Each structure stands twice: as structure tokens, then as C-alpha cells.
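This report refers to the structure that appears directly beneath it.
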Amino acid sequence: MKKINKKSKVLIILISLSMSLNLSGCWDSLDIENRVLVKMIGIDTAKEDDRVEVTVQLIEIEGAGEEGEAGQDFITVSTTAYTIEEAIKGIRRKTGRELYLGYNQVIIFGHELAEEGVEEQLDFFLRHPDINIRNHLYVAHEEASEIIETPHLIEELPARTLELHILMDKGRHYIADLREYMMALLNETSDPMMGHIMKEEGDEEEESFEVLSGSLFKEDKFASFFVFKESRGVNWVLNPRRVDGAVTIQNPFDEEKGLSIDILDAKSEVSYENTTPDELKASIEVSVVGRLSENQVRRYQIDTTENIQQLNHRVSQSVANEVIAALEVSQEHEADIFGFGDLLYRTAPDIYYKLKDDWDEVYEDLEVAVEVETEIRRPGLRR
């Protein structure tokens, strides 16, 4: 075996040392016990001029489970500052811990702040390296801080309750995340939406909060809260696959009784029937597949062709009414949440550029035909 001479050994050592200089180290590492997890962030307008109040819901990492769930009660901390970054550093000084934002899933804006505009506050979340762009956005009915500070009747960690709402009620409410909101906001003609959340008043032990329908924005400013049928009307068009639950209609045999159709699947298509500038006309087509989940009138025979067609028509009319209700609210506020302007740009760009500067007025008067087709596939059997 060939021996390595002294010069070669020195050369090998020098090369190894020079290569190690390029290896990244942990110079900025922080022990895990010096961190706390942030699960919810609330932003409100502060009493002082030009300041914001930031409220965070915190859990200690050692009290968290594998998925970040709390093994103990949460704590909330608030502070006011000129910027969110300054407020986060103020909370760090109060707690003596580094705030880890990578687990945060919900950002709530106070009603007053949302009316003034949220674009300045969103800049922090878009720049921060730990923030997930899938954070869900809500507008509080009043102040965001009261939602963050309110415990839930069942869950030890209120943030977990919101996560469950997002999973279970995604078809009933409009759920927007940071990415979806910014994509709509940056579009020249489209307008964004957020969720809507409200504190439920009651005795101290019964206080909780409720996720409601949705919040309409004109550019970055809050414009209106949606009611349930309007919010689901938006979902029928923009997120038909998310729609679940039931459509309840009057029973044709007895108008005072109800009949529920459980939604199995839904699809939608938005198009233009006419792109002439003076006669611009759009259409929304929705197809719904469902099954009978409840019939309060036993004598009503659901399995006949005539009755099935009658039910299909009634469900279609109910869905169409929800879409029209959402459309009317958005046109009233000149907020193109359905993306008709963007669709015109993709299908008839020459017409789009002629109308772009006056799109708010064009959208307010845009004629939109709504057509819904329903197919009840499973009439069901009673045991």
C-alpha cells in the first residue's frame, strides 16, 4: 500500500478546512424551550392615532401535541404599535419568548380596521418567511381581539375550533386564505372576500364564537357581510366542489312541510353569451347532483318520474336564488368577486381594454343569466 507523504497530508487537511467554510451552521438557532407557538392573530385599529392593536393566541411548545394542539390552556397577549412587526417584538418582550409564526393558521381583522383597508397590514404576512400563505382570513363582527380572547365551549384551544369549522363547514361559509385573497386583490378588475366571525354573548361559561357566512371587499376595504344564502351562492359558482350539506325546499305535497336534498356533487361554468360592448351578457351555469335525505310527508311518493322532475325543478330554483342573491349584493357594491372582468380579458381582450377603465360601472349593470340543472339520483328507502 502506498504511503501518503507529509506534504500530501497537509494538503488534504487544508482542503478539508476550506470546504468546511462553505457548510452552513446554526449560528442563529434558538432552543425550542425559548419559543411559543402562535395559533391565531387578531389585528384591530388602536385607540391611538395611526397605530394597530395586535392580539395573539399562544401555546407553549412543550404543551403541544404532535399536530400543535394544546395540552394546556392558551394565553392571549396584546400590544399596540405603529406596525405589526413592532407589535410582535413588543409581545416578545412581554413574554420573554420568541414567537414562532409557522403554526399560525388564522388571521382576523377587526371590523373597523377592515373598513379602513387591510393592504398595509397584509404586507407583514406576505413578507414574513414563517407565515404560510394558506392562513385563513376572517373579519370580526366587531373587534378581532374579543374573538382571540374568547374560549370555546368544547375545545381547549379556540384556534382548533376554527380549523374544524374550515373542514366541516367549507360549503356553508366562504373560506378565503391569504393566497386567494391576494390573487383577487392584485387582479385589475376582481375583488376579494374573507370569512366572517362573531362572538356569541352569554354567561361567562357559555361565551363562544360563531363562524358566519362571508365578508365582501371592494379592493382592500370591507364592503358588506353576506348572509348564509348569499355566501353559499358564491360557493356554487367559485367553489362548487366545496358545497356540501343540504338544500331544503317546501314539500310539493304539503307546502308547510320540508324536504331536504343532500348535495353529492356540483359543477359550475361562467361564460359570456355576448361580448359586444353595448350588449355585454354573461351566464352562470350550475349543475347539482343530490339524494333525498329527509321527507317529512310520508304520503309523497318520491320515486315517480313526475315527482322527481318536480323536485329537480324546485332544487334548481333554490340554488339559482342563492346565486342571484350573491350576484345582486356584489353588483350593488360594484365588487366583481366572480371574476367576470378577468374572464372577459381571456375571451375577448380587445373588448376588455375598451371597458377596463369603467369596469365598476359596467359590472354594476352587467346582465347575467343564471341556469341550474339538478339531478336527484337517489330517492332513498325508509326502513
Length gained if Arg346 through Ser271 is fully extended, taking 0.36 nm per residue and subtracting the Cα-Cα distance, is 25.9 nm
Just to be sure I understand the model, the point goes 7 Å from the Cα along the line to the Cβ. What's the resulting Glu364 to Gln310 distance in nm? 4.4 nm
Once you put a point 7 Å from the Cα of Ile133 and another 7 Å from the Cα of Leu264, both along the Cβ direction, what distance in nm separates them? 3.7 nm
Calculate the dipole size of region 228-383 relative to its Cα centre from +1 charges on Lys and Arg beta carbons and -1 charges on Asp and Glu beta carbons; express the result in debye to the nearest 20. 1460 debye
Computed over region 253-339, the Cα gyration tensor eigenvalues, each multiplied by 5 and square-rooted, give semi-axes in Å (largest first) of 33, 14, 12
Relative intensity, log₁₀ I(q)/I(0), of region 68-143 from a Debye sum that treats every alpha carbon as a point, q = 0.17, 0.22, 0.26 Å⁻¹: -0.79, -1.33, -1.56
Over region 228-383, what per residue volume does the convex hull of the Cα atoms give, in whole Å³? 116 Å³
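Only the coordinates and a few stated rules stand behind these numbers; no lab work does. Here the structure is a predicted model, which is why all the values come from computation and not from measurement. Cβ sites come from the backbone with ideal geometry, for glycine too, and all protein chains shown count toward neighbours.
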